[in-house]
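Report on one structure; see the data block that follows.
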């Protein structure tokens, strides 16, 4: 495994949540359960009161503090929002930029997703969303990288994993449209958190009408946000992409039949991976895995 490239993830950063109330503080805010992180990490999100996406992050424990692997470009906004909720809680927020960095290694593992191992200088984590994405590593910021971010990005796109605000629109996106249920980003048996009501209602009333899916792009790749059409009607939007791969948020009722999906000057072929639970008829479309 050590011979595989260590890929830098420059769009990620680390913050620490310390203090005596760190666990109860986050437990009341985020979508996943952070009360028992010994030896494991979880993917979670912070939502608006109306249940719309604000931030997502991977959380693990480092003794007397919790570490959050967050989107670097929106790190300051997350810290600001957490400080707003802090009130009298005994919580300390620390930006670890320049001390620790996030890397990835596209290796295979039999360990459960989210498994954390202490390594020299930091931590190695089986990606808590999909083990097929290999390991994430939190290491000293001066650790030399040997891999190419594009390789990790292509693997992510094939698996259909959203990459924070490249795929999720703050104050607009709904978690279950974007795979948070199957990707273990929501704990359904925990207590209340901000935005829980809409998230639970979306699941238990079957209100998911769109899904974020990997698509194969035949033609020029459009910018994120470009409308996807089917037979002249708007049915979704393209999200992040690279080369002939992309993610697109598409209405479920547009995925069946022979009419193609179009985006800009390209045709999109949905390639949902096996982990995505779609209400489709067998043979409607091919799958990745």
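The values are calculated or read from the model by the stated rules, or taken from the named source; none is laboratory data. Small disclaimer: the values here were computed from a predicted structure and weren't measured. No Cβ is skipped: glycine too gets one built from the backbone with ideal geometry, and neighbour counts run over all protein chains shown.
When you check residue 214 against the structure, is it surrounded by 19 or more Cβ atoms within 10 Å (Cβ to Cβ) and either outside any loop (DSSP other than H, G, I, E, B) or in contact with a helix residue (DSSP H, G or I) (Cβ under 9 Å, 6 or more places away or on another chain) (or both), yes or no? So residue 214 fits the description; yes.
The residue of segment 67-93 that is nearest to the chain's Cα centre (by Cα), among those that are assigned to a strand (DSSP E or B) and surrounded by fewer than 22 Cβ atoms within 10 Å (Cβ to Cβ), is 71.
Conditions (1) in contact (Cβ under 8 Å) with a residue 24 or more places away in the chain; (2) outside any strand (DSSP E or B); (3) within 15 Å of residue 156 (Cβ to Cβ); (4) in contact with a strand residue (DSSP E or B) (Cβ under 9 Å, 6 or more places away or on another chain), marked per residue:
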| residue | (1), (2), (3), (4) |
| --- | --- |
| 235 | yes, no, no, yes |
| 238 | yes, no, no, yes |
| 246 | yes, no, yes, yes |
| 256 | yes, yes, no, no |
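For residue 40, the conditions (1) under 24 Å from residue 137 (Cα atoms); (2) crowded, with 23+ Cβ neighbours inside 10 Å; (3) in contact (Cβ under 8 Å) with a residue 60 or more places away in the chain all hold with the exception of (2).
For the criterion of being surrounded by 16 or more Cβ atoms within 10 Å (Cβ to Cβ), over 17 Å from the mean Cα position of the chain (by Cα), modelled with pLDDT of 95 or more and under 30 Å from residue 203 (Cβ atoms), residue 30 fails. Scanning segment 33-47 for residues that are part of a loop (DSSP other than H, G, I, E, B) and either more than 17 Å from residue 85 (Cβ to Cβ) or out of contact with any helix residue (DSSP H, G or I) (no Cβ under 9 Å at 6 or more places or on another chain) (or both) gives 33, 35, 36, 37, 38, 39, 41.
Each residue in segment 223-233 was checked for being over 18 Å from residue 160 (Cβ atoms) and either assigned to a loop (DSSP other than H, G, I, E, B) or in contact (Cβ under 8 Å) with a residue 40 or more places away in the chain (or both), and 5 of them qualify.
Assuming residue 235 fulfils every condition listed in (1) under 18 Å from residue 209 (Cβ atoms); (2) out of contact with any helix residue (DSSP H, G or I) (no Cβ under 9 Å at 6 or more places or on another chain) apart from one, which condition is it? Every listed condition holds for residue 235 apart from (2).
A quick yes/no check of all residues on (1) closer than 18 Å to residue 156 by Cα; (2) modelled with pLDDT under 85; (3) exposed (fewer than 12 other Cβ atoms within 10 Å of the Cβ):
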site: 260; (1), (2), (3): no, no, no
site: 265; (1), (2), (3): no, no, yes
site: 273; (1), (2), (3): yes, no, no
site: 287; (1), (2), (3): yes, yes, no
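With the requirement that a residue be closer than 16 Å to residue 163 by Cβ and surrounded by fewer than 20 Cβ atoms within 10 Å (Cβ to Cβ), what does segment 45-66 give you? Passing the criteria: only 54. Restricting 187, 145 to those that are in a loop (DSSP other than H, G, I, E, B) and within 21 Å of residue 106 (Cβ to Cβ) reduces the list to 145.
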